[in-house]
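These notes are about the structure you will find just below.
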Amino acid sequence: MNRKFMAIAERRESKDWVSIYYTGNEWKLVNTFEVETLDLVDLQWIKEDTAILLWDSPLECKILVYSAMTGELIAKHCPHTLGLGVRSVSSSPNSS
């Protein structure tokens, strides 16, 4: 959750989704989009809270970046190692 918006990972009909809510006086759904994961593990805000970094299960081993407002896939990284998974994730200070 950042200061104005909250991102929630959801599971619907065996697919992973992210929903973005405005957390002002009245909570409002701003955007919801399906993500390319097998089993979404976690997510975090990056790029001055305009994008969401998320990662997949150890079996799939995928790191994805989505635009929070449009749901567009910005970046995708799939290491060539199988079965080792993602152990930790952090973004650089300038979010590059």
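The local environment of R11, defined by Cβ-Cβ distances under 12 Å, has a net charge of -3 under the rule Lys, Arg +1 and Asp, Glu -1. Take 45-58, 10-23 and order them by the average number of nearby Cβ atoms within 10 Å per residue, most first; the result is 45-58, 10-23. The 1.4 Å probe gives accessible areas that order E26, E34, largest first, as E26, E34.
The structure shown yields semi-axes √(5λ) of the Cα gyration tensor in Å, and of the options (1) 23, 16, 10; (2) 21, 18, 13; (3) 19, 15, 12 that calculated value carries the label (1).
The values are calculated or read from the model by the stated rules, or taken from the named source; none is laboratory data. Computed from a prediction, not measured in an experiment: that's the story for all the values here. Neighbour counts are summed over all protein chains in view; Cβ atoms, including those assigned to glycine, are modelled from backbone coordinates with ideal geometry. These area figures cover heavy atoms from the full protein model, side chains too; ligands, DNA and RNA do not enter into them. Shrake-Rupley method; radii C 1.70, N 1.55, O 1.52, S 1.80 Å.
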